[in-house]
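S.K.: Would you mind keeping the following structure in view while I ask a few things?
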Amino acid sequence: MIPLRDNIPSTHFPLMTIALIVINTVVFYYQSLHGLSGMEELFSRFALIPANFDLDNILSQPLSHYSPLITSTFLHGGFMHLLSNMWALWLFGDNVEDRMGSFNFLVFYLFCGILAGSLHVLIYPASTIPTIGASGAIAGIMGSYFILFPHAKVLTLIPIVFIPWFVEIYAVIYLGFWLFLQILGGTAELAGGVAQIAFWVHVGGFVAGMIFHRFFIIDRPVQS
């Protein structure tokens with residue numbers, strides 16, 4: 001299922017949503033200038049690698065040691081990885097930013113990314129596989145959208161063989177099904193013991209967004 005647009009227009013200009021898309025795109029372009037070996041070096045420094053964290057001595061580590069929880073969210077493994085994440089951010093981010101304001105939205109975005117990455121570290125503490133992408137932070141945006149705009153409709157493309165089928169799906173159903181797929185995929189990966197896709201990053205970000213969005217909402221008039 002490919003989401004195309006929702007039916008809730010923005011009341012305020014989505015400054016931070018656009019800024020985050022631009023920043024992620026610029027960082028991806030910067031990555032592309034480094035070639036394969038250079039990208040591996042970037043990932044070793046800035047990607048989230050669970051095995052680099054000493055869970056028994058969390059408080060004794062300097063804050064800079066945990067910077068990959070943020071820097072990893074601005075790295076992407078390929079153009080389609082970037083495109084899918086930025087499209088979801090654009091689709092759901094503007095309305096959430098409407099309710100939070102630009103600054104709170106940025107803090108919320110980073111907060112969800114940190115919690116999502118932390119859950120991944122807790123589940124796969126010995127993993128040496130670099131984890132990158134904005135999907136944990138964006139899943140937080142989706143989780144907050146799930147609560148704030150459950151009756152919004154998402155125009156969705158469902159390809160059936162070679163025939164495109166366009167259907168409007170309530171956000172609560174579309175996002176609920178998306179969350180179900182992430183839990184299903186994460187559970188299957190736990191059974192296999194290896195994380196190929198960061199499903200629990202998605203789940204952690206989504207649940208964080210559902211729970212904590214209320215602390216970032218400000219009183220702004222919005223369209224119902």
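The values are calculated or read from the model by the stated rules, or taken from the named source; none is laboratory data. Keep in mind that what you see is a predicted model, and the values were worked out from it rather than measured. Cβ atoms come from the backbone with ideal geometry, glycine included; neighbour counts cover every protein chain shown.
S.K.: Of the residues that sit in segment 35-79 and are among the β-branched types (Val, Ile, Thr) and within 17 Å of Gly113 (Cβ to Cβ), which one is modelled with the lowest pLDDT? Steps first, answer last, please.
M.R.: Filtering segment 35-79 down to residues among the β-branched types (Val, Ile, Thr) leaves 49, 58, 70-71, 73.
In the following step, the residues that additionally are within 17 Å of Gly113 (Cβ to Cβ) were identified as 49, 70-71, 73.
On the way: Ile49: 93, Ile70: 96, Thr71: 96, Thr73: 96.
For segment 35-79, the residue satisfying everything is Ile49.
S.K.: Kindly provide the set of residues from segment 148-166 that are out of contact with any Pro (no Cβ under 8 Å at 6 or more places or on another chain) and surrounded by 15 or more Cβ atoms within 10 Å (Cβ to Cβ), ordered by number.
M.R.: Answer for segment 148-166, where residues must be out of contact with any Pro (no Cβ under 8 Å at 6 or more places or on another chain) and surrounded by 15 or more Cβ atoms within 10 Å (Cβ to Cβ): Leu148, Phe149, Ala152, Lys153.
S.K.: In addition: Six or more apart or on different chains, Cβ under 7 Å: which pairs go from a residue in segment 70-91 that's without any contact (Cβ under 8 Å) to a residue 60 or more places away in the chain to one that's among the aromatic types (Phe, Trp, Tyr)? Could you list them?
M.R.: Matching pairs, first to second residue: Thr71/Phe46; Leu75/Phe43; Leu75/Phe46; His76/Phe28; Leu82/Phe28.
S.K.: State which residue is nearest to Leu42 (Cα to Cα) when the search covers only segment 58-79 and only residues that are loosely packed, with under 15 Cβ neighbours inside 10 Å and hydrophobic (A, V, I, L, M, F, W, C). I'd like the intermediate steps shown before the answer.
M.R.: Keep residues of segment 58-79 that are loosely packed, with under 15 Cβ neighbours inside 10 Å, which gives 58-65, 67, 78-79.
Checking which are hydrophobic (A, V, I, L, M, F, W, C) leaves us with 58-59, 63, 79.
Details: Ile58: 24, Leu59: 26, Leu63: 19, Phe79: 17 Å.
Checked segment 58-79; the qualifying residue nearest to Leu42 (Cα to Cα) is Phe79.
S.K.: Out of the residues in segment 13-63 meeting the condition of being within 22 Å of the chain's Cα centre (by Cα), part of a helix (DSSP H, G or I) and of a type in the set (Gly, Ala, Ser), tell me which one is nearest to Trp87 (Cα to Cα).
M.R.: Restricting to residues being within 22 Å of the chain's Cα centre (by Cα), part of a helix (DSSP H, G or I) and of a type in the set (Gly, Ala, Ser), the top hit is Ala19.
S.K.: Another question about this same structure. In the list Val96, Val154, Val121, which residue meets the criterion of being β-branched (Val, Ile, Thr), outside any strand (DSSP E or B) and within 18 Å of Pro14 (Cβ to Cβ)? Explain how you work it out, then say what you get.
M.R.: Numbers: Val154 fails: outside any strand (DSSP E or B); Val121 fails: within 18 Å of Pro14 (Cβ to Cβ).
Criteria check complete, one pass: Val96.
S.K.: Another question, if that's okay. Based on this model, can you work out whether Ala126 counts as at pLDDT below 95 and surrounded by fewer than 20 Cβ atoms within 10 Å (Cβ to Cβ)? Working first, answer last.
M.R.: Numbers: at pLDDT below 95: yes; surrounded by fewer than 20 Cβ atoms within 10 Å (Cβ to Cβ): yes.
Taking the combined requirement at face value, the residue satisfies it.
S.K.: List every residue pair whose Cβ atoms sit under 8 Å apart, with the two residues 6 or more apart in sequence or on different chains, where the first one lies in segment 1-29 and is more than 30 Å from Ile160 (Cα to Cα) and the second, anywhere, is crowded, with 19+ Cβ neighbours inside 10 Å and polar (S, T, N, Q).
M.R.: Pairs found: Ser10/Asn95; Asn24/Asn85.
S.K.: Return the residues of segment 167-184 that are more than 15 Å from the chain's Cα centre (by Cα), outside any strand (DSSP E or B), surrounded by 14 or more Cβ atoms within 10 Å (Cβ to Cβ) and among the aromatic types (Phe, Trp, Tyr); say none if nothing qualifies.
M.R.: Tyr174
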